[in-house]
Amino acid sequence: MTPMAASSIEDLSRQFRAALDAASSPADLKALRDDFLSRKQGRVTALVKSIATAPPEERRALGSMANALKQEIEQALDARDAAMLATARPKDTVDVSLPARRPWVGRRHPLTQVRERVEDIFMAMGYQVVAGPEIEDDWHNFEALNMPAAHPARDMQDTLYLSSPVPAPDNARAATLLRTHTSGMQIRHMEAHDPPVRIIAPGRVYRRDNFDATHTPMFTQVEGLVVDENISLGDLKGTLNAFAEEFFDAKVATRFRPSFFPYTEPSAELDVECQGCSGRGCGLCKHTGWIEILGCGMVHPAVFEAVGYDANRYTGFAFGMGIERLALRLYGVDDIRMFYENDLRFLEQIAL
Amino acid sequence: MKAPVSWMRELADLPASAGVNDIAAAVAGVGFEVAGIEGDVIDFEITANRPDCLSVRGLAREAATAFAVQGPESRVQGLPAVARGAKVGPESEVPVTIESELCGRYALALADVTVGPSPAWLADRLTACGIRPINNVVDVTNYMLLEMGQPMHAFDVARLAGPEIRVRMARAGETLTTLDRQARTLDASMLVIADGARAVAIAGVMGGAASEVSAATTRIALESAWFQPATVRATSKRLGLKTEAAARFERGADLEAATAGLVCALDLLERIGAGHRVGRITDRFPSPGAARTITLLRAHLDRLLGDQVPDADVMRILTSLGFVVTPAHTDWHVRVPSWRVDVAREADLIEEVGRHWGVNRVPATFPALRTAPHRADAGVLRARRIRRLLCGAGLQEAVTFTFIEHVAAEPFAGGPASLVTIANPLSEKFAVLRPSMLPGLLDALSYNRRRDIADVRLFEAGSVFSMQGERQRVGWVLSGSRLVHWSQPAAEVDLFDALGVAELLADAFGVTCRFEPAADAPWCVPGRVASLFVDDGGASRRVGIVGQLLPSLTSARGLPAGVTVVAGELDLHELHGTDAALQRVTPLPRHPSVQRDLSILIDAGLPAAAVRGTIRASAPATLVDVREFDRYHGTGVPTDQVSLSLRLTFRDRDRTLTDVEVQQAVEAIIEALARTHGTTLRGN
Ligand SMILES: [Zn+2]
């Protein structure tokens, strides 16, 4: 075997490997296959032909070397072909970066979401959710709540009255006004049920108030009432602290300030530590570090007497919160009107 | 109520180390919110139950109790010099007659005065508290109003007919020009102060201009009285006249303060050299009541607060606030001071103790649950379900106002007489209660369209009102494209989208319903409106309405022309139907079904429901479903006809149907359709 012939086979093998490394497309592979293996001008084909001119004693060895090379090249090309096919872009490929076809979906209004969040927390504490009419009679809205006619506290909630009374289906008293709070439902519930009572009463309430960034003539309230033997102010505190923690999903500091409501005695307002500044003081909390979220107190014995409960035997607590006020905090909104404009650009920012 | 801290310090031994902010915080902590602080002056918000704190003295009392220091009730104070020589008796040069029980007490003193400006310190204090200084006499009355909370009024004796004072009801039509130069017409419900001839002041509200103290005044009659709160309140409201005096009388002034206030005022007049008393003080006090005494039980105190306040603190707090406390075994008898008009029963005393003990000190506990909790109100749960259902179906929940404009409400009302109107609306925009969910939703839709938001699908569940009462409804409005995607042309929503929402709701609540053309919905395009009926054991009730809104209505609410709005509304009381969790299922079919398609030519005016009814009536029980899958008119179909294609599905519960029996059933249907409606098979 001449060193010349053997080395040219090795050369060819090296050249093929280099070319294969450089090939990057099916077209490159096809060209490579033609270059080396084509029956007419293939370089391996030419090599095999040239063996005939070699000395007879070398032909056999050269022949088997050339065959081995040919097989090696074929296998390498086949392997590379298969690999390329596996990573190629399939026919009918879809551009998944185009906008998808989204199913129609709507969101619950932010006021609903906050209201249901409050309801859910109290339901988990064993409270029954009750409902009642939005147009009320004087008894349920005022009288039974220790606010007889000409009581100064009636001024605290400037009332919208109906031009003429609307008959109520389930009792003798016709509705004469738009309820100024959901407390009427507490009275209705106590009139119909004996203690123990553990309810919340959510709903719309109405005041003769201007409509501006911080006031609205209609808002949403959730009131709670617990009546049993030995219910204390401590129980009220424990309940509301637990609520605040659940609602804000954090350990929040709370503060009770004495206040006045005709239907509770003692009365208080509950402040929670401002979430915007962690109590250090900011614009949101008027630099006090606290934000008022609800009014509460121990049920006034006159209310128990109005519904026929034994005021010596039972005590209870009540609380009421404005959903809008909580929602303003939760969503970082500074104009209450946004909740009533129903602007989809706002509503679609609320969680699904 | 604005209170200068320097003034409070004159009445209570507040710690020198406590600054203005500390005092503000301490008083806020016992229930008087601070509206603002300006220099030495703290502006406190006084709740309606505490007229006694519409005074510097009242606030000093609260501050002293909060700091546990000597205050107005415990500090030994020398009586003013004039009080020592003052004699109180019925005789006077100006006789006083009370003719109405609405005046509980009337004290009067005469003084000779030299009217002029007040000393600067006095004028400055008034100014700091927001009252404009006028002259030394008027300023003294205002000073006493601020310090003691006792309103007073000075008359020029020379301008009183008689001179005498009669406290009586006004005569109908009687007129009086008040200090603010307004001519007021009075009525018989109003209490007035009159002289021998006419009314000279509206009791507890404002004095008259004619008897006003002026530079020429030399002798005054100084009034310090008590009027029934309700009458002052009613008169002030009726006249639209809110004054510092009325604010105190209408909440309840101190019945015992009338003469004490007079004595202090006379002393102050003398101290500033403005004048001196003449003669005795007249005090008309027809029926002095006994002080209220309330028993406070230790057991009740502990039970309501959930905390044990030590005896010494209970005594200290109540005594400092002016209560006279007598311990009785473990309990207390408590005499209520005359200025605490808000304290009527034991719970009020417990509040006093709790307030100053500190609500924040009471340990937090949790009430025991002694009975099984109840499920939420059915209506609340139903509304929740509807919201989740419709949100899932792609509608956005809206919250709109319950009160709306009259013109917006009218098309949706059963007639103008059925609208519930508000007697004292804030504005025309909030004048009537909504008779339907749709006007509010339409306005919300219009709001979005005007902001270039084209595809709007809104719903709301809530109360609607008529003179028959309040009902719960859900309403929805749809406008814009059904689906917007680059792959296909946009298709506008139409009536069938709105009908579909109604079907979905009925389905969710297990209610079987049907649509029929409606003719009594004035807000809908004629021919594009359907009533939703529920059949209930033979009786049929209309529970909702679905239609395309009139273009005149949508443009009146600000929508651009050419925008189609479809809407629907459903009465929720009719959806009490089925609790989804309790809905039973039917067994799945075990045998294959057979489908046959039918294309028929029918009269264009023939409702699909009639065709379906004929098919069902003429088919065997094995026909389980009839569904239209194409409706066509145009080329190849006569102009007054349409081609309707239906897919019929047959199935038997117990066996596989044969081709022959299905074919027989289809032929019977075709025959019945031809006989009943004159239909022909398309292509035949
Ligand atoms: Zn803050």
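The values are calculated or read from the model by the stated rules, or taken from the named source; none is laboratory data. As the structure is a prediction and not an experimental result, all values here were calculated from the model. Don't worry about glycine lacking a Cβ; one is built from the backbone with ideal geometry, like all the others, and counts go over all protein chains shown. These area figures cover heavy atoms from the full protein model, side chains too; ligands, DNA and RNA do not enter into them. Shrake-Rupley method; radii C 1.70, N 1.55, O 1.52, S 1.80 Å.
Taking θ as phi - 60° and the Karplus parameters 6.51, -1.76 and 1.60, the scalar couplings of region B:512-519 work out to 8, 9, 9, 9, 9, x, 10, 10 Hz in sequence order, x denoting glycine and proline. Can you tell me what share of the DSSP beta bridges in the protein assembly as shown is antiparallel? A percent to the nearest 5 is fine. Rounded to the nearest five, the antiparallel share is 95 percent. In chain B, a dipole from Cβ-located charges (positive for Lys and Arg, negative for Asp and Glu) runs towards its positive end, and of B:LEU532, B:PRO416, B:LEU122 it is B:LEU532 whose Cα lies farthest in that direction.
GNM remark for chain A: springs join alpha carbons under 10 Å apart, and the peak mean-square fluctuation among A:GLU191, A:GLU58, A:GLU292 falls on A:GLU58. Using equal-weight Cα scatterers in the Debye expression, the normalised intensity of region B:626-684 in log10 at q = 0.20, 0.28 Å⁻¹ is -0.89, -1.28. For chain A, the Cys residues with no second cysteine's beta carbon closer than 4.7 Å are A:CYS296. Between 0 and 90 degrees, the angle of helix A:110-124 with respect to the longest Cα principal axis of chain A falls at about 80 degrees.
Within a Cβ distance under 11 Å of B:ALA154, other residues only, what is the Lys/Arg minus Asp/Glu net charge? The partial results should precede the final answer.
Values: positive: B:ARG219; negative: B:ASP139, B:ASP156, B:GLU212, B:GLU223.
Around B:ALA154, the surrounding residues sum to -3.
Using a 10 angstrom Cβ neighbour count of at most 15 plus a DSSP loop assignment to flag exposed trypsin sites (Lys or Arg not before Pro), which longest range of chain A is free of such sites? The segment A:174-250 is the longest one with no such site.
Per residue, the protein assembly as shown exposes 45 Å² of solvent-accessible protein surface, assessed with a 1.4 angstrom probe and all protein chains in place. Electrostatic tally near B:GLY358: other residues with Cβ closer than 12 Å to its Cβ, Lys and Arg +1, Asp and Glu -1, net +3. Beyond 15 Å, what share of the Cα-Cα pairs of region B:100-192 remains, rounded to the nearest whole percent? Cα-Cα pairs in region B:100-192 separated by more than 15 Å: 71 percent. Amide H to amide H, with H built 1.01 Å from N, A:GLY281 comes under 5 Å of A:GLY289, counting only residues 5 or more places away or on other chains.
Comparing A:ALA201, A:GLY184, B:TRP339 along the charge dipole axis of the protein assembly as shown, the residue lying farthest to the positive side is A:ALA201, per the Cβ-charge model.
The convex hull around the C-alpha trace of chain A, projected and averaged over every direction, spans 33.1 square nanometres.
If every alpha-carbon in the protein assembly as shown counts as one equal scatterer, what log10 I(q)/I(0) does Debye give at q = 0.05 1/Å? Once normalised to I(0) and log-transformed, intensities are -0.51.
Starting from the coordinates of the alpha-carbon atoms of region B:84-284, obtain the Kirkwood hydrodynamic radius over all distinct pairs and give the value in Å to one decimal. Let's see the in-between values first.
Working: mean 1/r = 0.0604 Å⁻¹.
Roughly 16.6 Å, rounded to one decimal.
Computed over neighbours whose Cβ is under 11 Å from that of B:ALA199, the net charge equals +3, Lys and Arg +1, Asp and Glu -1.
Values of log10 I(q)/I(0) for region A:179-271 across q = 0.18, 0.21, 0.23 Å⁻¹ run -1.08, -1.31, -1.37, by the Debye formula with one identical scatterer at each alpha carbon and no solvent. Between A:ALA213, A:ALA144, A:ALA52, the residue with the greatest mean-square fluctuation in the GNM of chain A (Cα pairs under 10 Å linked by springs) is A:ALA52. Loop-located GluC sites (Glu not before Pro) in region B:577-681 (DSSP state other than H, G, I, E, B) with a sparse environment of at most 14 neighbouring Cβ atoms within 10 Å are absent.
Inter-chain neighbour count for B:454-461: the average number of beta-carbon atoms from partner chains within 10 Å of each residue's beta-carbon is 2. The angle between the Cα long axis of helix B:346-357 and the main principal axis of chain B comes to about 80°, on a 0 to 90 degree scale. Taking the empirical scaling 2.2 N^0.38 Å for compact globular proteins as reference, region A:218-347 has a Cα radius of gyration ratio of 1.20. Magnitude of the charge dipole for the protein assembly as shown, about its Cα centre and with charges confined to Cβ atoms of Lys, Arg (+1) and Asp, Glu (-1), is about 1640 debye.
How large is the convex hull of the Cα atoms of chain B per residue, expressed in Å³ as a whole number?
Details: hull volume 185.6 nm³, N = 684.
With only Cα atoms used, chain B gives 271 Å³ per residue.
Per residue of B:23-34, other chain Cβ atoms within 10 Å of the residue Cβ number 2 on average. Measuring with a 1.4 angstrom probe and ignoring ligands and nucleic acids, A:MET123 comes out at about 60 Å² accessible. Between the helical axis of B:136-148 and the longest alpha-carbon principal axis of chain B there is an angle of about 60 degrees. Kirkwood radius, region A:3-86, all distinct C-alpha pairs, inverse of mean reciprocal distance: 13.3 Å. Given the -39500 (n - 2.57) contribution per DSSP H run of 4+ residues, what per-residue ellipticity at 222 nm results for chain A, rounded to the nearest 500 deg cm²/dmol? The helix contribution divided over chain A gives -12500 deg cm²/dmol.
For a Förster distance of 25 Å, can you work out the FRET efficiency between the beta-carbons of B:ASP640 and B:THR676, rounded to the nearest 0.05?
On the way: r = 18 Å, r/R0 = 0.72.
Given R0 = 25 Å and the Cβ-Cβ separation, E is 0.90.
Counting other C-beta atoms within 10 Å, and keeping those with at most 14, which DSSP coil trypsin sites (Lys or Arg not before Pro) do you find in region B:349-437?
Listed in order of number, the matching sites are B:ARG370, B:ARG375.
Only Cα pairs under 8 Å and 6+ residues apart enter the sum, and on that basis the relative contact order of chain B stands at 9 percent. Taking a ≥ b ≥ c as the square roots of the eigenvalues of the alpha carbon gyration tensor, region B:2-77 is oblate, as a/c is not under 1.5 and a/b does not beat b/c. For region B:634-656 versus region A:188-232, the spacing of their alpha-carbon centroids is 57 Å.
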